[in-house]
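So the structure is just underneath, and the comments pick up after that.
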Amino acid sequence: MKIRFLVFDVYGMGGTVRTVLNVTNYLAQNGYDIEVISVFRHRNIPFFEIDPRIKVTVLHDVVNRTKNQLDLKSKVANKLLKMKSRLIHPDDEGHHFFSALTDIKMYNYIKSIDSGILVSTRPSFNIFASKYVKKDVKVIGQEHLNYAIYPERLKRSIVKHYASLDYLATLTDDDTTDYKELLSSGSVKVKKLTNSIPKLQGGVSPLESKTIIAAGRLVPQKGFDLLIEAFKIVNEKHPDWKLKIFGGGRERQNLLDLIEEKELYNHVVLMGSTPNIDVELMKSSIYALSSRFEGFGMVIVEAMQCGVPVVSFDCPKGPGEIIKHNEDGILVENGNIEAFADSLIRLIEDKDLREKFSEKGMENVKRYEIDEIGTKWKETIHELIVE
């Protein structure tokens with residue numbers, strides 16, 4: 001049975017792409033027939049490794065598409081490209097990327113699938129699949145964020161359409177409970193299938209570097225502005241420590257302005273994106289997660305896997321499920337900048353505590369290793385096949 005994953009852009013960066021490829025690479029290596037349907041392609045070379053056994057189908061190739069051809073087909077395509085999408089939910093954060101052209105390409109491809117399993121990877125795709133996939137195709141919808149953060153119109157669509165999925169894969173216990181209650185009137189089975197970590201490449205940090213690290217898209221959700229504010233307090237007491245932030249995004253200039261304003265230009269560095277965050281983690285001594293909200297907090301698990309102790313806001317909903325407060329990391333009241341700074345200073349000044357958290361954290365996150373999570377995916381696939 002072919003298993004297809006419908007993703008925004010498998011060539012791109014970001015947590016969803018990384019976690020999808022962790023699973024698809026694992027399944028391909030274990031003999032499953034895997035296809036990734038990438039709605040977009042915005043770069044020629046994939047940011048993360050894709051197993052060569054995976055078939056990749058690109059529906060709209062932004063990089064290699066020729067825009068100036070004069071034949072009728074190209075003219076029609078260019079006209080459709082300027083028209084807004086009608087089939088992707090308007091509250092999808094990436095709605096502006098979609099168009100009438102991508103609607104047609106997605107609809108035609110999905111309608112060409114007669115059997116197998118389709119895994120959809122964002123709310124608008126879950127809704128799309130529930131409406132347009134043929135009845136003989138089993139659908140697993142994935143939720144990478146929690147229900148509470150969505151706009152009201154999207155919440156209503158989720159409750160209406162998720163109920164007809166075969167499975168809904170959630171990332172945390174809280175999300176699993178919430179969705180079971182929300183979708184109790186439907187036939188969908190809600191199951192926790194958390195994110196996984198790949199095999200370690202960079203090794204374990206010796207915790208000697210005077211470096212705090214953070215990573216993620218440079219967007220308001222990730223709270224890097226809050227982190228810079230907290231690090232200003234840290235810097236006043238420990239000016240020999242640096243903060244490195246990995247990632248790219250629309251907030252880059254605003255963050256650079258804030259670094260300038262706080263006179264931290266010699267201490268805080270925006271490093272850009274990296275496909276090998278574990279290699280960078282090995283060079284650091286503390287990981288800081290400053291998000292205003294998270295679907296899960298995959299990078300917390302990666303940091304702990306590398307033996308790097310974590311200070312995290314106790315934001316909804318993932319960090320509190322991963323970190324055991326004061327046992328293998330520190331959870332801080334959400335949004336409390338001074339408490340966040342105090343926790344960073346506490347770890348800076350206590351290497352024994354860093355080493356304790358490091359040891360406990362590495363043991364904690366073994367439950368997220370790909371062999372563990374991959375087995376759960378195989379069990380779920382088997383359940384769908386024998387139904």
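Remark: the range 101-249 carries a charge dipole of roughly 440 debye about the Cα centre, counting +1 on each Lys and Arg Cβ and -1 on each Asp and Glu Cβ.
Can you give the charge dipole size of the range 211-367 about its Cα centre, rounded to the nearest 20 debye, using +1 on the beta carbon of Lys and Arg and -1 on the beta carbon of Asp and Glu?
Numbers: 20 positive and 26 negative charges, 89 e Å.
Dipole magnitude for the range 211-367 comes out near 420 debye.
Look at the alpha carbon pairs under 8 Å that are at least 6 residues apart: their mean separation over the length of the range 238-310 gives a relative contact order of 30 percent. Helix 252-261 against the longest principal axis of the chain: what's the angle in degrees, Cα atoms only, rounded to the nearest 10? The answer is roughly 20 degrees.
Within the same chain, lysines fewer than 8 places from K189 are excluded, and of the rest, those with a Cα less than 24 Å from its Cα are K2, K111, K131, K134, K135, K138, K155, K160, K180, K317, K376, K378. Using C-alpha pairs under 8 Å with a sequence gap of at least 6, the mean separation divided by the residue count of the range 211-367 gives a relative contact order of 24 percent.
The helix-only estimate of mean residue ellipticity at 222 nm for the chain, built from DSSP H runs of length n ≥ 4 each weighted as -39500 (n - 2.57), is -12000 deg cm²/dmol after division by the residue total. Figure legend: label point modelled 7 angstrom from the Cα of Q201 along Cα→Cβ; residues of the range 22-46 with amide N under 14 Å from it are 22, 46. Remark: the T177-S209 segment gains 7.4 nm on full extension, using 0.36 nm per residue and subtracting the alpha carbon distance. Charge tally around Y167: other residues with Cβ under 10 Å, Lys/Arg +1 each, Asp/Glu -1 each, net +1.
Structure remark: mean-square fluctuation, Gaussian network model of the chain, C-alpha springs under 10 Å; the largest value among L27, L118, L80 belongs to L80. Taking every DSSP beta bridge that has both ends in the range 211-367, the antiparallel portion is near 5%. Going by a ≥ b ≥ c, the root eigenvalues of the Cα gyration tensor, does the range 324-378 fall in the rounded group (a/c under 1.5), the prolate group (a/b larger than b/c) or the oblate group? Oblate. One decimal place: the segment K55-K360 gains 105.9 nm when fully extended, by the rule 0.36 nm per residue minus the C-alpha distance. Using the alpha-carbon positions of the chain, Rg (one decimal) and Dmax (whole number) come out as 21.6, 70 Å. Note on the range 63-111: Rg/Rh from Cα positions, Kirkwood definition for Rh, rounded to two decimals, is 1.00.
Note that the range 213-254, at 20 °C in a medium of 1.002 mPa s, gets a Stokes-Einstein diffusion coefficient of 197 µm²/s from its Kirkwood radius over C-alpha pairs.
In terms of overall dimensions, the C-alpha atoms belonging to the range 1-128 reach 45, 29, 28 Å along their principal axes, ordered largest to smallest.
Taking GluC sites (Glu not before Pro) across the range 200-238, the ones in a DSSP loop with at most 12 further Cβ atoms lying within 10 angstrom of their Cβ are E208.
Length gain on complete extension for the stretch K135 to D114, per 0.36 nm per residue less the alpha carbon to alpha carbon distance?
Going from the current span to full extension adds 6.7 nm.
Among V23, V188, V63, the largest mean-square fluctuation in a Gaussian network model of the chain (Cα springs under 10 Å) belongs to V63. When the chain is treated as a Gaussian network with alpha carbon springs shorter than 10 Å, the biggest mean-square fluctuation among S185, S124, S205 belongs to S185.
In the chain, what percentage of the DSSP-assigned beta bridges are antiparallel, given to the nearest 5?
DSSP beta bridges in the chain are roughly 5 percent antiparallel.
From the alpha carbon centroid of the range 364-387 to that of the range 268-300 is 26 Å.
Over the chain, Cα pairs under 8 Å with separation of 6+ residues give a relative contact order of 13 percent. Projection of the Cα convex hull of the range 211-367, averaged over all directions and equal to a quarter of that hull's surface, yields 8.0 nm². The alpha carbon gyration tensor of the range 185-248 gives principal lengths a ≥ b ≥ c with a/c of 1.5 or higher and a/b no greater than b/c, which makes the shape oblate.
Answer rounded, prolate or oblate for the range 58-190, using the Cα gyration tensor with square roots of eigenvalues a ≥ b ≥ c: rounded when a/c is under 1.5, else prolate when a/b is larger than b/c, else oblate. Here the range 58-190 falls in the prolate category.
We did not get these values from a lab; they are worked out from the coordinates using the rules stated. Predicted, not measured: the structure shown is a model, and the values here were computed from it. Counting neighbours? That spans all protein chains shown, and the Cβs are built from the backbone with ideal geometry, glycine included.
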